[in-house]
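For reference, the structure is listed below as structure tokens.
Read-outs throughout are calculated quantities, based only on the coordinates presented, and are distinct from any laboratory measurement. Bear in mind that the values here come from a model prediction, so they are computed numbers and not experimental data. As a convention, Cβ positions derive from the backbone with ideal geometry for all residues, glycine included, and neighbour counts pool all protein chains shown.
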Amino acid sequence: MTTLFFYGTLRYPALLKRVLGRDVPLIAGELPRHRTVWAAGESFPMIIPDAGACAPGVLATDLTPDDIARLDFYEGAFAYDLEEVTVETADGPVPALVYFCHDAPWRPGADWALEDWAKTWGDLTLIAAEEVMRAFGRETAAEVGARFPIIRARAQAQVRARARARPVTLSTRLTREDVIVTGLNRPYEKFFALEEYQTVMRRFDGQQSHPGERAIFRVADAVTVLPYDPVRDHVLLIEQLRIGAYAQGDPQPWLLEPIAGIVDAGESYEETARREAREEAHVEIDTLHEVAGYYPSPGGVAQYLVSYIGLADLPETRADTGGLDVEGEDIRNFRVPFDRLMEMLDSGELVNAPMILSAQYLARHRDRLRAQSA
């Protein structure tokens, strides 16, 4: 049996249970000559030497070899290794192991407190940990670590969805509590994920439905932004290969679109829109005007999109390519006069749904946007 000391997020009992798959007794303790701080700009803590401090934490005793294997898998995704330490407890010093990262690329930030972290990151981390640990025994820690950003992005999408509320006037009063999941299978979890649900639901007549099977493609929240220069009356479009159109059999799988991107964990929709505009088109967005927040294909895709019109300066002399090489992006971008945009909308040249919605919004609000920028 092994004793481990946890100073950071694994002090959170719910998270430790997700990683181990069971509850374990915990004993309060402190690690002398160390201090727990935020990793600057990150969502997790790090521990640093400090001769005048003691890092608070908890001891988990009598951990089994399977427990250690699960912890190694979870922490291994973040390049942590175990080291021997002596922890002070109310009953005296106790030898234990602790996860340290000696080659950490992060800079120390402000002092870290479990309560502060849990308020902001607790729910997201619990959801992400579920997906990480589902890969235990099937993938290496390095493989899971490589896709951890999208795992966290999917988790953030679920946290936001749980807090989302919309007006109910004509809509039914039925809620997610009127759906019973009798089975859930996840045959594929990589950058995207596939989930197969077996459900029973309450019908509009109040009766219970027969069992049904439904498959969904789980992505993450995303944004689109159509840059618009109200002075020159031009928009900026991007064009790139879309594998979904290719897989459908479309002979023209390069699509005209607004700028788009997945919302990273910790980002707001607006921050993502501005970041993606820089990455894909080298454009700095001034004011963002929300077109709509919506589910693009809720019958089979678990994703929420927020589309924007972004006011921007779009001079004639500008780069006509964009994207990040590290993400394998090959993106063309170019200015289009508003009248030409409307011609393409009417002709059917625009087949990307957020593009069509954004063009229609711009047609409705163009005069107002131009007047405000005059």
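Let me spell out the model: positive unit charges on the Cβ of Lys and Arg, negative unit charges on the Cβ of Asp and Glu, origin at the Cα centre of the chain. What dipole size does that give, in debye rounded to 20? Each step should come with its number before you reach the end.
Working: 39 positive and 58 negative charges, 261 e Å.
About 1260 debye.
Can you give the local net charge around Asn185? Use residues other than it whose beta-carbon is closer than 12 angstrom to its beta-carbon, Lys and Arg +1, Asp and Glu -1. Mind showing how you got there, number by number?
Values: positive: Arg134, Arg186, Arg214; negative: Glu189, Glu195, Glu196, Glu213.
In short, -1.
With charges set only on the Cβ (+1 for Lys and Arg, -1 for Asp and Glu), what does the dipole of the range 156-301 come to about its Cα centre, in debye to the nearest 20?
Values: 17 positive and 23 negative charges, 162 e Å.
Dipole magnitude for the range 156-301 comes out near 780 debye.
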Residue with peak Gaussian network fluctuation, the chain [Cα springs, cutoff 10 Å], from Glu316, Glu189, Glu276: Glu316
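Net charge within 15 Å of Ala14 by Cβ-Cβ distance, Lys/Arg positive one each and Asp/Glu negative one each, not counting Ala14 itself? Can you show the working numbers first?
On the way: positive: Arg11, Lys17, Arg18, Arg22, Lys119; negative: Asp23, Glu115, Asp123, Glu130.
For residues surrounding Ala14, the net value is +1.
Against the 2.2 N^0.38 Å scaling, with N counting residues, where does the range 230-281 land? I'd like the Cα-based Rg ratio to two decimal places. Don't skip to the end; give the middle numbers.
On the way: Rg = 13.9 Å, N = 52, 2.2 N^0.38 = 9.9 Å.
Rounded to two decimals, the normalised Rg is 1.41.
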Overall form of the range 18-154 per C-alpha gyration tensor (a/c, 1.5; a/b vs b/c): oblate
Of Ala157, Thr169, Gly137, farthest towards positive along the dipole that unit charges on Lys, Arg, Asp, Glu beta carbons give the range 129-181: Thr169
Residue of Leu226, Leu174, Leu241 that the Gaussian network model of the chain assigns the largest fluctuation, springs spanning Cα pairs under 10 Å: Leu174
Charge sum, other residues only, whose C-beta stays under 13 Å from Arg214's C-beta, Lys/Arg counted +1 and Asp/Glu -1: -2
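Only loop residues by DSSP count here, and only those with at most 16 other Cβ atoms within 10 Å; note down the trypsin sites (Lys or Arg not before Pro) in the range 143-241 that meet that. List each step's numbers first, then the result.
On the way: sites: Arg147, Arg152, Arg154, Arg160, Arg162, Arg164, Arg173, Arg176, Lys190, Arg202, Arg203, Arg214, Arg218, Arg232; in loops: Arg147, Arg164, Arg173, Lys190, Arg203, Arg232.
Here the sparse-neighbourhood loop sites are Arg164, Arg173, Lys190, Arg203, Arg232.
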The chain - mean residue ellipticity at 222 nm from DSSP helices (-39,500 (n - 2.57) per run, n ≥ 4, rounded to 500): -8500 deg cm²/dmol
Max mean-square fluctuation residue, GNM over the chain, Cα-Cα springs under 10 Å, options Val223, Val351, Val306: Val351
Table column - 3J(HN,Hα) (Hz), the range 165-182, Karplus curve with 6.51, -1.76, 1.60, x for Gly and Pro: 9, 10, x, 10, 10, 7, 5, 5, 8, 5, 10, 5, 5, 8, 10, 10, 8, 9
Amide H contacts under 5 Å for Ala265, placed H, 5+ residues apart: Ala153
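From the C-alpha coordinates alone, can you work out the Kirkwood hydrodynamic radius of the chain, in Å?
Working: mean 1/r = 0.0418 Å⁻¹.
Evaluated on the chain, it is 24.0 Å.
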Considering only the chain, percent of DSSP beta bridges that pair antiparallel, nearest 5: 85 percent
